[in-house]
4 protein chains.
Amino acid sequence: MRQGEREDREQALIEAAVSVFRTQGYAGTSVRAITELAGCGTGTFYLYFPSKDDCFMAIIDRLYQRVVAQVATRRATAGTTPAKLWASIGAVLEVFSAEHALAHVVLVQGPGIGPSFRERLDRIRQTFSELIAEDLVESGLDPWVAACGARALLGALGEVLVWQVDADAPGGRLTRAGEEVRRRFFMGYGLPPVDDGREMMT
Amino acid sequence: MRQGEREDREQALIEAAVSVFRTQGYAGTSVRAITELAGCGTGTFYLYFPSKDDCFMAIIDRLYQRVVAQVATRRATAGTTPAKLWASIGAVLEVFSAEHALAHVVLVQGPGIGPSFRERLDRIRQTFSELIAEDLVESGLDPWVAACGARALLGALGEVLVWQVDADAPGGRLTRAGEEVRRRFFMGYGLPPVDDGREMMT
Amino acid sequence: MRQGEREDREQALIEAAVSVFRTQGYAGTSVRAITELAGCGTGTFYLYFPSKDDCFMAIIDRLYQRVVAQVATRRATAGTTPAKLWASIGAVLEVFSAEHALAHVVLVQGPGIGPSFRERLDRIRQTFSELIAEDLVESGLDPWVAACGARALLGALGEVLVWQVDADAPGGRLTRAGEEVRRRFFMGYGLPPVDDGREMMT
Amino acid sequence: MRQGEREDREQALIEAAVSVFRTQGYAGTSVRAITELAGCGTGTFYLYFPSKDDCFMAIIDRLYQRVVAQVATRRATAGTTPAKLWASIGAVLEVFSAEHALAHVVLVQGPGIGPSFRERLDRIRQTFSELIAEDLVESGLDPWVAACGARALLGALGEVLVWQVDADAPGGRLTRAGEEVRRRFFMGYGLPPVDDGREMMT
DNA sequence: GATGAATGAGCTTTCATTCAT
DNA sequence: GATGAATGAAAGCTCATTCAT
């Protein structure tokens, strides 16, 4: 089997998994339901993931990797600290918008599954919120206030994403809502708004 | 059996349930684990809740009722619209702080369990976010911006609560973090800060 | 408590038990369902019967005792052997007709519950079928043919009773059907019909 | 998996089920007990039957289908109405004799399990008793007498079968007892005996 | 590599029975 | 005597995972 075939099937399985997880919840999703939707046998699932848990972990990681990559890309071309912060949030919005099904499942189901998932997600959240917090501290905020703000921002962005996805809003609407949150966040912390010429919708 | 005895045991079961749900997740929690922690037989559980699902629903409802009651109380003594908004958020903080274990479980596990729970939680979130949004609209904001802000606020408050509870922060710290979010929220939306003389920690 | 009160309540419990057993089956009947119908607490049930099994046994025994008593009464006034046989069957019909609910439950549910019930019922059936068989032998039939006939008669009477009760037939119809079976039975075995002046319906 | 393998295992499960049902009763039989006797895991049971109830229903249906088929076969070669009646009863005897374990369980346990089983069995009984009754009416009997006789015959045959099976009588003895019932039935209703040259035992 | 039949641990739930009131 | 809350054994059933084909 070509490498590509393997990736295609893994992709199909992940998409099927995301689809079922989203409507049925993690516990309500059986491996059989995933494989049936993906159009393969149950045993095949285990050629791609060591367990159901690992499949969900792979979903989390996939989203995380994309966010990390996009954030790095966007920050590289930003000059000032506020611009970096602005760009980081924008990067998250871009990925969440492009992978909204993935993001929805990770944000909604992830935290509730169990301790190991909580831990993995917390590590990710921690990574990102520390990045934000550092930018805020560099912008002159008290460290505790910064940490608090970073967390609040994460929560706000996640909630707004889920809200829009649940409402079946088109990608543009989703992004615009995220951008609105970013703008208010900057205002709330007295930071200068940034014009990066990227706003997709006006 | 005295009325009080029944309530005591129901309370013990809910507390045990919250404790196990929080560490093991909803699906990872067996009824037996709850009753063992509560110190009664498995069958006893079913004298108080028709099913495991209903037990979780009872947890959700209990939190919701307290929030609704507290919000009503605090709004009653507030004058201007911004003061009502300020008071509403404060009411949520008070309840979440007092019932942080309950709130943590509802916020973290609730959304992921399954469609029926999502629905119930969404109804509650909808109720509260509409209240906030109305205050924002009355304060002169565009309806869509207001709706967006209300959702963002819910997400931010929830995330900050969970963050603090996970960090085993004392109740005072938790409240202070929430108040910080409220303050930044007001600034973000250009609303005048309110001094209600209620800040518990300084 | 007067003796009569105790018997009244036992009667009420048995009637309730028969009613629920009949519609729900033995296993489908909970003690609580019986006591609710009888209008007393669950614990009270155990003041009258040592167990659910024993309650059913009591129902069986009650029917059996009435049949035995009635058969003895009717046989006492019969002269010839065929007349005794005729009278015995008539006695059964009288009791089954008067206690059709009891009989229905015993005949339909009894055999399927479990080994101990089967055994008890078999003993009863054995008792009665031997009586019939002896009459047949005395009337000149081969013992094996007689045994066979006695069993067949029991089955035929039971089936006809259940059929009529299920059809909600009035008691008279039920008796007439039984008498028809008795008449054909006598013809089948070449016995002279008996006129005991007892046919209730014509 | 070959088609034959699947049928073999289903057959093994049905045989195990019949064996346990017969000794323990329906409610007293656990699925685990069946699978242990059949030599497979508990989950395997549910690959063959959707539920314990459906397994019993399958047993009922299997017996019913065989009776229907055999009756049709035997009636096809019978000339006169009495001969058809004679042949129908003979067909039932043949099947009950060949499948006496199945028949025993259906006759003894079936009626007591619950309303849905009663209903299914009644439909079957109704089917067969109407067939018999029609033959009797064609032979000149009053419809009500015929219906009564058909029911009585069913009861008599069932009782005699169960009696012989409980006594561990060999198949030949069982058949002979049934034939004796048939002969007496014909005499009881004044029908001419039929010699179909099929009597297996003399 | 792909399959799906087989497995059995473990779940939620019921209910006969007990016993403190 | 009467009650019904409490109990826990045991049931039916599901599903992640394995492995022979």
| message | Restricting to the range C:12-35, count the residues that are among the charged types (D, E, K, R) and within 8 Å of DNA strand E (Cβ to nearest atom). | response | 1
| message | Regarding the range C:134-147, can at least one residue be identified that is within 29 Å of D:Arg118 (Cβ to Cβ) and either crowded, with 17+ Cβ neighbours inside 10 Å or within 8 Å of another protein chain (Cβ to nearest Cβ) (or both)? | response | no
| What is the number of the single condition among (1) closer than 26 Å to B:Thr175 by Cα; (2) more than 14 Å from every other protein chain (Cβ to nearest Cβ); (3) within 16 Å of DNA strand F (Cβ to nearest atom) that B:Lys84 does not meet? | (3)
| field | the range D:180-190, residues that are modelled with pLDDT of 95 or more and either under 13 Å from D:Leu136 (Cβ atoms) or surrounded by fewer than 19 Cβ atoms within 10 Å (Cβ to Cβ) (or both) | value | D:Glu180, D:Arg183, D:Phe185, D:Phe186, D:Met187, D:Gly188, D:Tyr189
| note | Of the conditions (1) within 16 Å of DNA strand F (Cβ to nearest atom); (2) more than 14 Å from every other protein chain (Cβ to nearest Cβ), the single one that A:Arg66 does not satisfy is (1)
| Mind checking which residues of the range C:17-56 are within 12 Å of DNA strand F (Cβ to nearest atom) and either of a type in the set (D, E, K, R) or in contact with a strand residue (DSSP E or B) (Cβ under 7 Å, 6 or more places away or on another chain) (or both)? | C:Arg32, C:Glu36
| task | Take the range A:175-202 and flag every residue that is assigned to a loop (DSSP other than H, G, I, E, B), of a type in the set (Asp, Glu) and touching a residue at least 12 places away in the same chain (Cβ under 8 Å). | result | A:Asp196, A:Glu199
| query | What number of residues within the range A:49-60 are away from every other protein chain (no Cβ under 14 Å) and either more than 14 Å from DNA strand E (Cβ to nearest atom) or in contact (Cβ under 8 Å) with a residue 12 or more places away in the chain (or both)? | reply | 5
| Residues located in the range B:145-202, provided they are under 25 Å from B:Thr80 (Cα atoms) and of a type in the set (S, T, N, Q) | B:Thr175, B:Thr202
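Yes/no matrix, rows are residues, columns are (1) away from DNA strand E (no atom under 16 Å from the Cβ); (2) not in a helix (DSSP H, G or I):
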{"position": "A:Leu37", "(1), (2)": "no, no"}
{"position": "A:Leu47", "(1), (2)": "no, no"}
{"position": "A:Arg62", "(1), (2)": "yes, no"}
{"position": "A:Arg66", "(1), (2)": "yes, no"}
{"position": "A:Ala72", "(1), (2)": "yes, no"}
{"position": "A:Ala78", "(1), (2)": "yes, yes"}
{"position": "A:Leu93", "(1), (2)": "yes, no"}
{"position": "A:Phe96", "(1), (2)": "yes, no"}
{"position": "A:Val105", "(1), (2)": "yes, no"}
| field | Flag if C:Ile132 is touching a Leu at 6+ places or on another chain (Cβ under 9 Å), at pLDDT below 95 and part of a helix (DSSP H, G or I) | value | no
| remark: Scanning the range C:163-174 for residues that are part of a helix (DSSP H, G or I) and surrounded by fewer than 22 Cβ atoms within 10 Å (Cβ to Cβ) gives C:Val165, C:Asp166, C:Gly171, C:Gly172, C:Arg173
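The values are calculated or read from the model by the stated rules, or taken from the named source; none is laboratory data. On a predicted model such as this, the values are computed, not experimentally measured, just so you know. With ideal geometry, Cβ positions are generated from the backbone for all residues, glycine too; neighbour counts draw on all protein chains shown.
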